[in-house]
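The values are calculated or read from the model by the stated rules, or taken from the named source; none is laboratory data. Computed from a prediction, not measured in an experiment: that's the story for all the values here. Positions of Cβ are generated from backbone atoms using ideal geometry, with glycine treated the same way; all protein chains shown enter the neighbour counts. Surface accessibility is based on the protein's heavy atoms, side chains included, excluding ligands, DNA and RNA. Shrake-Rupley method; radii C 1.70, N 1.55, O 1.52, S 1.80 Å.
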Amino acid sequence: MSNLSDLLPAGASGKTIEAVATATIASKAPVILNSAGTVTEVVQTSPAVTFAAGTPVEFNSDASTNGVAIAYDSSNSKVVVSYMNYYATPTWAGLCIVGTVSGTTTSWGTPVVFSSGAIEYETAITFDSTNNKMVIAYRDGADSDKGKAIVGTVSGTTISFGTAVEFESGATSNINCVFGNGNVLISYTDGGDSYRYKMIVGTVSGTAISYGSEVSSGAAGDYPKACYDSTADKFFVAYRNSVNTGGGVVVTVTGTTPAFGTPVVFISGDILNGVFPVLGTSYDPVADKSVIAFCQSADSHKGFAVVATITGTTPSYGTIVKFNDDGDTNSIAIGYDPDADKHVIVYTNSDVTDDPGTAIGGTVSGTSISFGTTVLFQPTGDPTYNDIAYDTSNNKFVAACRMNTGKGNATVITTGQDAVTNVASFVGIADAGISTSATGTIV
């Protein structure tokens, strides 16, 4: 690349340069310096994008959808939803359905049963990008509430499954699973062991899954929600303990064995004890931070978020920030948009008319997060079991939920984004118009 000083005419004192334009530049237009020493007018490379939600689409028209979870299959550019349906054949079966995003809407294939037993409102789903497989973890109510997981393969608009494999023989609940660096980390509460929260690593091979050693936290806890910190190559897990305190712990996986770091509280005695998800986590690789979204019971069930930083095996937290000032925030989920570098939180706002499903975008700066305006992904219907996944092919989120009618709905959410320009190498202002390949003066 040419040095700026090499382009300065004698006597210019650094006030002007002479350079060749790669394309026509208007008089007084701002310009950038290219690597070859030529100049180009500053232009908008992508327009501003409005934060908006499309029209909800049913993925299950039966009036008994529960335990909704969603993940994105990047190898097939599909979203996949797992759920329980009482009216399925057999009843209370666990089902999975493949969705396709087109513009601001979705279309859905035919649901496929992955568990004929009553899955008891519990499903969790993640995508293993090493093996290009979906993994669903769930509670099998037809088999003493044991914890099981199953591997799914997406093909077109359908999905097929291997054989379910048990990971917990006790009464399992509050199941969560997330993928990172070849590992599927399953976290859950073991009702057969004083409700301690535990973790186990699953390894996918073909259409089967095997497990390493189960590790216990040694303390009672529920609602564990994990995200993978790709910089630290560790998992960060937020949870609510037996006295409603919100805590976080760093989990390091060695081989197929998870190890707990030192748990650190982010809020004392104030996480809502609810039926639906009361907290969620997502990781921001640009800021190298994780974000926890949660409901604070002592403040009229309002919605809050806090930024977590991993140092070694210990988390620390920034200032807690409110994202919903209305009371009764519930069914919280959060995801990260790598294109807009924003987190999107979806939740149900049951303190306002029609109990809308609401989404809000947040941006991490340092150890804090700030929020913009909200959009309604479900304007009415009191949605529950909200979950969210980011489609990297279409640069959209898809939020899935259960409506108060019992039907399952999904909505495309477009993250708000400012206009982008090529201004990174700004050098000055064109003194006059410059034709393509002509030399002109830049002030």
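Here are a few things to note about the model shown:
- The listed residue being crowded, with 18+ Cβ neighbours inside 10 Å, modelled with pLDDT of 95 or more and aliphatic (A, V, I, L, M), out of 69, 93, 118, 88: 69
- Which listed residue is modelled with pLDDT of 95 or more, closer than 20 Å to residue 100 by Cβ and polar (S, T, N, Q), from 411, 367, 363, 358: 411
- Scan of region 168-193 for residues that are among the hydrophobic types (A, V, I, L, M, F, W, C) and out of contact with any Leu (no Cβ under 6 Å at 6 or more places or on another chain), ordered by number: 171, 175, 177, 179, 184, 185, 186
- Filter pass, residue 217 being open to solvent by 10 Å² or more (accessible area, probe 1.4 Å) and in contact with a Phe, Trp or Tyr (Cβ under 7 Å, 6 or more places away or on another chain): yes
- Checking each residue in region 130-173 for being more than 16 Å from residue 70 (Cα to Cα) and of a type in the set (A, V, I, L, M) picks out 142, 164, 165, 171.
- Residue satisfying all of: in region 263-286; open to solvent by less than 30 Å² (accessible area, probe 1.4 Å) and small (Gly, Ala, Ser); modelled with the highest pLDDT among these: 282
- Qualifying positions in region 134-147 - more than 18 Å from residue 195 (Cβ to Cβ) and open to solvent by 30 Å² or more (accessible area, probe 1.4 Å): 142, 143
- Enumeration of residues in region 314-329 that are open to solvent by 10 Å² or more (accessible area, probe 1.4 Å) and β-branched (Val, Ile, Thr): 314, 319, 320, 321
- Taking region 311-329 as the range and being over 11 Å from residue 264 (Cα atoms) and either in contact with a Ser or Thr (Cβ under 6 Å, 6 or more places away or on another chain) or not in a loop (DSSP other than H, G, I, E, B) (or both) as the test, the residues that pass are 311, 318, 319, 321, 322, 323, 324, 327, 328, 329.
- Filter pass, residue 102 being over 22 Å from residue 168 (Cα atoms), open to solvent by 10 Å² or more (accessible area, probe 1.4 Å) and modelled with pLDDT of 95 or more: yes
- Residue check, residue 311 among the β-branched types (Val, Ile, Thr), open to solvent by 50 Å² or more (accessible area, probe 1.4 Å), more than 22 Å from residue 410 (Cβ to Cβ) and modelled with pLDDT of 95 or more: yes
- Qualifying strands (runs of 3 or more DSSP E) (wholly inside region 205-285; at least 1 residues being under 19 Å from residue 316 (Cβ atoms) and touching a residue at least 40 places away in the same chain (Cβ under 8 Å)): 215-229, 234-241, 246-254, 257-260, 264-267, 279-284
- Residue ranges of strands (runs of 3 or more DSSP E) in region 330-396 with at least 2 members open to solvent by less than 10 Å² (accessible area, probe 1.4 Å) and aliphatic (A, V, I, L, M): 342-349, 357-365
- Among (1) at pLDDT below 85; (2) open to solvent by 10 Å² or more (accessible area, probe 1.4 Å) - the single one residue 39 does not satisfy: (2)
- Condition met for residue 160 (open to solvent by 10 Å² or more (accessible area, probe 1.4 Å), polar (S, T, N, Q), more than 13 Å from residue 204 (Cα to Cα) and modelled with pLDDT of 95 or more): yes
- Selection from region 167-200 of residues that are open to solvent by 40 Å² or more (accessible area, probe 1.4 Å) and either among the polar types (S, T, N, Q) or assigned to a strand (DSSP E or B) (or both): 169, 181, 194, 196
- The condition of being in contact with a Cys (Cβ under 8 Å, 6 or more places away or on another chain) and over 25 Å from residue 412 (Cα atoms) holds for residue 114.
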